[in-house]
Amino acid sequence: MSETADIENGLSSLNEKVRWDAAIAAGELIAVRPLVVWSIVKKYGSIDDPDLRTAVATCILEHLLEHHFDDFFPLLKTEIESGNHLLGETFSECWKFGQSELPQNSIQWDELQKKIADGRIQE
């Protein structure tokens with residue numbers, strides 16, 4: 001089985017520790033397979049399981065944006081603004097690191113966070 005399949009199986013587990021370990025493993029792929037990681041974020045950051053979304057937010061998404069903000073923030077924003085409110089909730093749990101803290105990126109981040117908090121995202 002591939003590393004990605006192992007991660008996805010872990011994220012689908014009913015066992016909380018297994019899910020969090022899989023989220024950590026996905027985060028470790030950010031440097032070498034960011035597109036694969038983005039697909040994991042889209043899929044598992046949109047699931048109606050608050051604990052899983054928190055794992056995706058804190059172990060994967062915030063670090064994907066930390067290192068690849070320009071590549072993935074526009075995709076994230078489009079996905080959320082297209083009505084993916086669960087992914088918006090996932091993003092709401094993220095902290096800024098690295099590239100996300102750069103002034104222009106931070107402004108974009110804050111604007112999207114505010115839209116989500118104000119309920120200005122279509123469902």
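Read the figures in this text as sums done on the coordinates, not as results from a lab. Not measured: the values here are computed from a predicted model. In this analysis, Cβ positions are derived from the backbone assuming ideal geometry, glycine residues included, and neighbour counts consider all displayed protein chains.
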The exposure ranking of C94, C59, fewest beta-carbon neighbours within 10 Å first, is C59, C94
Could you point to the label whose value was computed as Rg/Rh (Cα atoms, Kirkwood Rh) for the structure here, given (1) 0.96; (2) 1.02; (3) 0.92?
(1)
Would you mind ranking V37, V56, V32 by Cβ crowding within 10 Å, fewest neighbours first?
V32, V37, V56
Enumerate the lysines that K77 could reach by cross-link, defined here as Cα to Cα under 26 Å, with residues fewer than 8 away along the same chain left out.
K42, K43, K96, K114, K115
Listing H68, H85, H63 from the residue with the fewest other Cβ atoms within 10 Å to the one with the most, what is the order?
H85, H68, H63
